[in-house]
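What follows is a set of notes on a single structure, which appears directly below.
The values are calculated or read from the model by the stated rules, or taken from the named source; none is laboratory data. Just so it is clear, the structure is predicted and the values come from calculations on it, not from any experiment. Ideal geometry is used to build each Cβ from the backbone, glycine not excepted, and the neighbour counts take in all protein chains shown.
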């Protein structure tokens, strides 16, 4: 537990947009398992048009309600609302997450290490509680081409939780479904990149923290259950667009140039192949989403390059923890790897 907890306020912060059904389903667990003497609960509302805010005010008047004047998306919604939240440790929690008894102390305990900037719990699927959840599982990693994956999830292959990934470990990124972070560092880095709107903004933020020498960890002693797809489903072309575009944004912002000139062109070729596969699968809207993602990337390049000042050119020598020096695409499609533990040991940094 934080040694100076009394002097370090803890806030569990939930971003909401038209999420009445999710709040009715999942907020009771948050309130039941978050002692008021340990943390306050804050709701940031992204200009909802349903009755979610009124329902929260009626049923949980102790929750601090912050009203955004428009829907800023995930990234901007948090950035705007967090301006009104006390400094300390923030636990950013999706509105479609069920927490469990004693979920909070294990997350707070890792911050005794001053180098730890962010943490996530073990994230399991609410719809099938024996399985890891796609968005985070038991910690996020990155391969040499910038493809994110998890302990417990390789691409679309999700493992059952058999306690095989229960150790606390340093990772490359922590899930935005339940992200504990030091508020001073969040502010110092200007929070999430709002140009992402949604998807991968937490990976980008974690990468920026790592570029400054901080650690990202997972503590599976804390478990939460994520419903997933609460805003955009996995079959949404918009989600395809955001994932492909934002991954290119992230690589361009954070990779040293000597790696960028090799990795980003390779990724764009692989993206083209993915678009072709979508077309062959009878998903023309997803193919078009990949193309639109590339056009959006080209238009944003001058802005993205302005982020690059001060990037450590020795990144891969200094901040390798959580990077797999092989290709998960190759392992998945050619070697039929479906579990995190099956990845080659010699490829780990």
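Give the residues of the range 119-134 that are assigned to a loop (DSSP other than H, G, I, E, B) and in contact (Cβ under 8 Å) with a residue 24 or more places away in the chain, sorted by residue number. Correct list: 126, 127, 129, 130, 133, 134. For the range 49-78, filtered to residues that are closer than 24 Å to residue 200 by Cβ and touching a strand residue (DSSP E or B) at 6+ places or on another chain (Cβ under 6 Å), the residue that is surrounded by the fewest Cβ atoms within 10 Å (Cβ to Cβ) is 77. If you go through the range 7-15 one residue at a time, do you hit one that is modelled with pLDDT under 95, under 30 Å from residue 114 (Cα atoms), out of contact with any strand residue (DSSP E or B) (no Cβ under 8 Å at 6 or more places or on another chain) and surrounded by fewer than 15 Cβ atoms within 10 Å (Cβ to Cβ)? Yes: the range 7-15 contains one or more residues that are modelled with pLDDT under 95, under 30 Å from residue 114 (Cα atoms), out of contact with any strand residue (DSSP E or B) (no Cβ under 8 Å at 6 or more places or on another chain) and surrounded by fewer than 15 Cβ atoms within 10 Å (Cβ to Cβ). Of all residues in the range 337-349, those that are under 14 Å from residue 160 (Cβ atoms) have Cβ atoms under 6 Å from Cβ atoms of residues that are at pLDDT 95 or above, 6 or more apart or on another chain, in 338/157; 339/159; 340/151. Counting only strands (runs of 3 or more DSSP E) that fall entirely inside the range 29-102 and contain at least 3 residues that are over 19 Å from residue 119 (Cα atoms) and modelled with pLDDT of 95 or more, the qualifying elements are 40-45, 64-67. On inspection, residue 114 passes the criterion of being out of contact with any strand residue (DSSP E or B) (no Cβ under 7 Å at 6 or more places or on another chain) and free of Cβ contacts under 8 Å to residues at least 12 places away in the same chain. Scanning for something crowded, with 24+ Cβ neighbours inside 10 Å, under 13 Å from the mean Cα position of the chain (by Cα) and without any contact (Cβ under 8 Å) to a residue 60 or more places away in the chain, does the range 224-237 turn up at least one residue? There is no residue in the range 224-237 that is crowded, with 24+ Cβ neighbours inside 10 Å, under 13 Å from the mean Cα position of the chain (by Cα) and without any contact (Cβ under 8 Å) to a residue 60 or more places away in the chain.
Restricting attention to the range 111-118, does a residue exist that is assigned to a helix (DSSP H, G or I) and surrounded by fewer than 19 Cβ atoms within 10 Å (Cβ to Cβ)? For the range 111-118, residues assigned to a helix (DSSP H, G or I) and surrounded by fewer than 19 Cβ atoms within 10 Å (Cβ to Cβ): present.
Among the conditions (1) surrounded by fewer than 20 Cβ atoms within 10 Å (Cβ to Cβ); (2) in contact (Cβ under 8 Å) with a residue 60 or more places away in the chain; (3) touching a strand residue (DSSP E or B) at 6+ places or on another chain (Cβ under 7 Å); (4) over 20 Å from residue 114 (Cα atoms), residue 177 misses just one, which is (1).
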